[in-house]
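Here is the structure we will look at, set down as structure tokens.
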């Protein structure tokens with residue numbers, strides 16, 4: 001079915017109070033405080049969310065309040081993962097997850113743009129039980145079987161390109177909201193008539209069925225205002241990990257700056273991605289031979305993570321990490337890089353309860369790399385860089 005919605009109605013301008021920064025896998029976020037001081041990553045700041053309107057639905061499942069309307073057709077479009085008809089029991093069943101179940105799958109749909117479009121703001125919402133959402137585009141087409149296609153295996157094409165993702169139920173990125181001059185004119189391009197892929201990971205750790213559903217709005221920026229293009233970073237580590245019961249393993253990844261990087265190449269944002277057995281995440285940047293910590297987090301063993309969302313620019317002042325207090329943080333300032341520089345990252349992964357004799361949901365023989373919150377792990381770093389070298393900055397590490 002066509003899972004991109006357009007509503008030709010007037011957008012509302014809402015004001016939402018959120019914890020900064022609002023930048024993740026995308027555009028620099030934040031805004032100045034009333035005193036004129038630079039924003040910090042721990043203050044509460046008001047962010048203007050132009051065009052985001054709640055929609056009213058009543059399904060009987062938790063999370064109806066997360067629904068958001070699509071932007072007007074000339075302002076953007078919405079990607080939707082979920083039932084096309086809440087009154088159709090068979091359709092709703094395709095997205096219903098029973099207690100104890102965990103699923104990662106995808107829906108495929110064509111983008112509606114007849115020409116290249118650009119965005120630098122986006123908003124997403126996910127129902128309870130969500131672990132992550134990833135949105136890709138690719139030129140390779142996927143045949144749809146009918147108006148009510150069910151989610152299917154994520155057999156994405158080799159030409160797939162990540163646009164953005166979310167690891168929290170609510171995500172709002174509102175352009176270059178903190179006014180960093182180096183990010184003026186920033187945008188991400190979506191070519192005409194792409195195959196979109198929306199990947200969702202849900203786990204039902206409760207006692208009642210849940211509905212798997214997510215909404216993601218992309219808001220256009222006029223092409224005439226775009227002077228520099230960005231693309232995602234997609235860093236993966238630990239693909240061959242195998243952490244036996246009682247073991248602790250440090251997984252390491254490295255990403256070299258692309259040889260085609262321009263003189264003003266920089267890392268704009270970064271957010272780690274891990275599950276419930278990572279107890280420490282650290283990322284470094286080696287620039288001109290000098291290695292510095294740029295992001296560090298200290299998740300709690302066995303607890304669903306809430307990874308840091310961090311932007312690096314000339315305005316944002318990030319709180320520093322504190323290992324003694326186990327509070328995460330990041331460096332501040334522009335992360336300008338060049339060929340020869342690199343990003344490294346590590347995850348400390350502890351297996352304290354995953355074995356072949358463990359009760360459900362701990363029923364694996366060891367912790368491996370997979371989309372399973374309690375029985376598998378990942379050690380990834382996502383975000384955005386600019387200017388683009390023509391595609392995602394990818395770094396798969398075994």
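The values are calculated or read from the model by the stated rules, or taken from the named source; none is laboratory data. Given the structure is predicted, the values throughout are model-derived calculations rather than measurements. Every residue, glycine as well, gets a Cβ built from its backbone with ideal geometry; the counts of neighbours run over all protein chains shown.
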Would it be correct to say that residue 86 is surrounded by 21 or more Cβ atoms within 10 Å (Cβ to Cβ) and at pLDDT 90 or above?
no
For the range 351-374, enumerate the residues that are assigned to a loop (DSSP other than H, G, I, E, B), at pLDDT 95 or above and either in the same structural domain as residue 205 (by TED's automatic domain parsing) or under 27 Å from residue 309 (Cβ atoms) (or both).
none
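Each row is one residue, and each column tells you yes or no for (1) in contact (Cβ under 8 Å) with a residue 60 or more places away in the chain; (2) more than 30 Å from residue 184 (Cβ to Cβ).
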| site | (1), (2) |
| --- | --- |
| 303 | no, yes |
| 307 | yes, no |
| 311 | yes, no |
| 316 | yes, no |
| 324 | no, yes |
| 328 | no, no |
| 332 | no, no |
| 348 | yes, yes |
| 355 | yes, yes |
Those residues of the range 321-336 which are assigned to a loop (DSSP other than H, G, I, E, B) and farther than 29 Å from residue 258 by Cβ amount to 323, 324, 325, 326
Close pairs from the range 141-157: first within 21 Å of residue 92 (Cβ to Cβ), partner surrounded by 14 or more Cβ atoms within 10 Å (Cβ to Cβ) and at pLDDT 75 or above, Cβ under 6 Å, at least 6 apart:
148/84; 148/91; 150/94; 151/105; 151/107
At pLDDT 95 or above, crowded, with 19+ Cβ neighbours inside 10 Å and farther than 22 Å from residue 257 by Cβ: is that true of residue 297 in this structure?
yes
Can you find a residue that is farther than 30 Å from residue 387 by Cβ and surrounded by fewer than 23 Cβ atoms within 10 Å (Cβ to Cβ) anywhere in the range 177-184?
no
Every residue in the range 217-237 that is more than 23 Å from the chain's Cα centre (by Cα) and part of a loop (DSSP other than H, G, I, E, B), please.
222, 227
Scanning the range 302-323 residue by residue, the ones that are touching a helix residue (DSSP H, G or I) at 6+ places or on another chain (Cβ under 8 Å) and closer than 18 Å to residue 271 by Cβ total 1
Looking only at the range 375-391, count every residue that is modelled with pLDDT of 90 or more and outside any strand (DSSP E or B) and tell me the total.
6
Note on residue 286: of the conditions (1) closer than 29 Å to residue 170 by Cα; (2) at pLDDT 95 or above; (3) in a strand (DSSP E or B), unmet is (1)
